[in-house]
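Worksheet: the structure to be examined is printed underneath.
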Amino acid sequence: MGRLGEVGGAGVRTGDGTVAECPRLIERPFPIVISGASGTGKTSVVKKLLSIDGRLVRAVTATTRPPRPKEEDGIDYIFLDENEFQERKRRGYFLETARVHGFWYGTPKENVEKALKAGKWAVLNVDVQGGLAIKEIYPDAVLIFMLPPSMEALEERLRKRGTEDEEEIQRRLAEALQEMAAAPDYSYVVVNDDVKDCANRILAIVRAETSRTRRGLQMPKKIGGKVEGA
């Protein structure tokens, strides 16, 4: 995405004595929301994304579901019991909450704000309901929906994960179709047929969005034919 900060120069004096200054591109971080059906590979892609560009950080979400093998508290999720989750929800700790597959999920306000204030792009791995709620709070957020290569590939991934029984797998496949129906509500769609390739496609989206004129293009201000401050 180029270096953080302003891209542009101080300007040069032209033959008629005026100062010509190049417009500036000021990179302003924004939330990056990634959603998709269970088993699409969102967590793996997000980890790869963060390893490619250190200016992207994950805004870790909280959940009441039990940790899966190799998941770490505070890194993959903030694991809370039902009572603690509801208490934090009551105190206004979360930007949004949703009940998904029988468990609560929530996005802590401080995790997103801390990243943005530090000049980082906050990456959120949330469900569709949560993603649309984030967009209401942060209108400049970019919403990316992740699809599997096929339903067969999705089923295979769920089975290989080994964390759900047959009944749960069938339920998640049915719910996946409902979640995919919300893809048109998102700004972009990517297919996760390869983790690294998918991460690079998302990074390309972020780079393009960062360069949008409406986000950070600052035109020179002229007073009497001269650039202000010249």
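Stretching the chain fully between Arg90 and Glu152 yields a gain of 18.3 nm (0.36 nm per residue, less the alpha carbon separation). Based on the convex hull around the alpha carbon atoms, the stretch 146-220 presents an average projected area of 6.4 nm². Gyration tensor analysis over the Cα atoms of the chain returns equivalent ellipsoid semi-axes of 41, 20, 14 Å (largest first, whole Å). Kindly identify the stretch 43-171 as rounded, prolate or oblate by the Cα gyration tensor criterion: order the square roots of the eigenvalues as a ≥ b ≥ c, call it rounded if a/c is under 1.5, otherwise compare a/b with b/c, prolate if a/b is larger, else oblate. Oblate, since a/c reaches 1.5 and b/c is not below a/b. In a simple Cβ point-charge model (Lys, Arg +1; Asp, Glu -1; nothing else charged), the chain has a dipole of about 1220 debye relative to its Cα centre. Across all Cα atoms of the stretch 106-176, the radius of gyration (one decimal) and Dmax (whole number) stand at 15.9, 44 Å.
Screening the chain for DSSP H helices whose Cα atoms reach 27 Å or more along their own axis and whose mean Kyte hydropathy is at least 1.0 gives nothing. Report the Stokes-Einstein translational diffusion coefficient (µm² s⁻¹, integer) for the stretch 157-201, Rh taken as the Kirkwood radius over Cα pairs, at 10 °C with viscosity 1.306 mPa s. Result for D is 127 µm²/s.
Measuring how big the stretch 76-147 is from its alpha-carbon positions, Rg and Dmax come out at 12.5, 35 Å. Under a model in which nothing but the beta-carbon of Lys, Arg (+1) and Asp, Glu (-1) is charged, the stretch 120-175 shows a dipole of about 320 debye around its Cα centre.
Read the figures in this text as sums done on the coordinates, not as results from a lab. Since the structure is predicted, the reported quantities are computational estimates derived from the model, not experimental observations. Neighbour counts run over all protein chains shown; Cβ positions are idealised from the backbone, glycine included.
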